[in-house]
1. Using Cα-Cα distances under 8 Å and only pairs 6 or more residues apart, what relative contact order does the chain have, in percent?
2. May I ask you to give the percent of accessible area on the range 1-80 that is carbon plus sulfur, with a probe radius of 1.4 Å?
3. Across every pair of different alpha-carbon atoms, what Kirkwood hydrodynamic radius in Å does the range 154-204 reach?
4. Dividing the Cα convex hull volume of the chain by residue count, how many Å³ per residue is that?
5. Sequence-distant or interchain residues sharing an amide H contact under 5 Å with residue 111, placed H: which?
6. Net charge near residue 207: determine it from the other residues with C-beta under 12 Å of the C-beta of residue 207, scoring Lys and Arg +1 and Asp and Glu -1.
7. Note down, for the range 1-111, the three equivalent ellipsoid semi-axes (square root of 5 times each alpha carbon gyration tensor eigenvalue), biggest first, whole angstrom.
8. Write down the percent of antiparallel bridges among all DSSP beta bridges whose residues are both part of the range 1-73, to the nearest 5.
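The values are calculated or read from the model by the stated rules, or taken from the named source; none is laboratory data. Because the structure is predicted, anything quoted here is derived from the model rather than measured. For neighbour counting, all protein chains shown are included, and Cβ atoms are generated from backbone atoms with ideal geometry for every residue, glycine included. SASA here: full protein model, heavy atoms, side chains in, ligands and nucleic acids out. Shrake-Rupley method; radii C 1.70, N 1.55, O 1.52, S 1.80 Å.
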Amino acid sequence: TDRAQFFGLAIGNFGGAAILANGTSGPVLRGNLIGTDATGMLDRGNGIGVSIVPGAQGGVIGGPFAHHRNVISGNGAGIIASGNYPTIWGNYIGTAANGSSALGNDNSGILAQGTGGRIFENTIRFNAARGIGISGAASRTSIRRNSVNANGGLGIDLGNDGVTLNDPDDADSGPNELLNFPVLTRVRSTVAAGTLVEGTLDRPAGATALSFELDLYSNTSCDASGHGEGELLFATIAIDLPSGSSEAFSAWIPGVVLPAGRAITATASSALGDDITSEFSACVLSTQVGEAVFANGFE
């Protein structure tokens, strides 16, 4: 289909893709149940939920309002987006229509293989493989403000090959430029005041100045890989790293108090032509103190 629009359908029990977008323009999908029954609670999985072929441009899966949300669950794979500039926004991928019951896809929640994609504010849980996989050497995808947890693989997997370790000066290339993830060193909350977050981000060498946004997530527990997912976004901070500067950051987040023992992770996002996002960082456990005298987070 070319720039087809699908609203309010329940599509299940197909051996191939429930929706195959094979034209030059991506589809618009809103309010559909793809891989479930008409209640959104029972598995009626398809081979693939949504497949957007290479060469397609644009397309929107979901949208800003609750009635735009698609449930894409119970399929072999949730979404395979090989076209360029798709927007995947506000969907349930791997849960039932209530957003909490497990109805995972048998492979990944989302596989993105094109450039310029935006994946944000989705709930991506209970999928058998990774939550979001990015492949293709030139792939560039922005991944922001999603709730990603309880998947069988990594929450975000650049290259679909497990944790991609940071490299000095971020000199490698690949999906999302294999952007280095942040290294968190301390997350400490002060009761009734806020939370201090400290860490480092190794930026590309020679850049005169680079700006990043770090999305910070709180998780019940850490993934077995040691690199968590992103269960609950609790803050976004902006950092600037001029050439020759320290690559350390420290941010005080007023009004946000985390319980002790939460597994905290972060992603980095940078604008390099298209917005791109790193994998999730390794976990660090939050701590909590009660001394209000240190309400600015520093001793």
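1. Values: 1011 pairs, mean separation 37.6, N = 299.
In percent, rounded to a whole number, it is 13.
2. Values: 1880 of 3240 Å².
That share works out to 58 percent.
3. 12.9 Å
4. Details: hull volume 34.7 nm³, N = 299.
In the chain, the Cα convex hull volume per residue is 116 Å³.
5. 79, 80, 81, 133
6. On the way: positive: 203; negative: 169, 170, 202, 240, 247.
So the surrounding residues net to -4.
7. Working: eigenvalues 81, 41, 27 Å².
Taking √(5λ) for each eigenvalue gives 20, 14, 12 Å, largest first.
8. Values: 1 of 15 bridges.
Restricted to the range 1-73, the bridges split so that about 5 percent are antiparallel.
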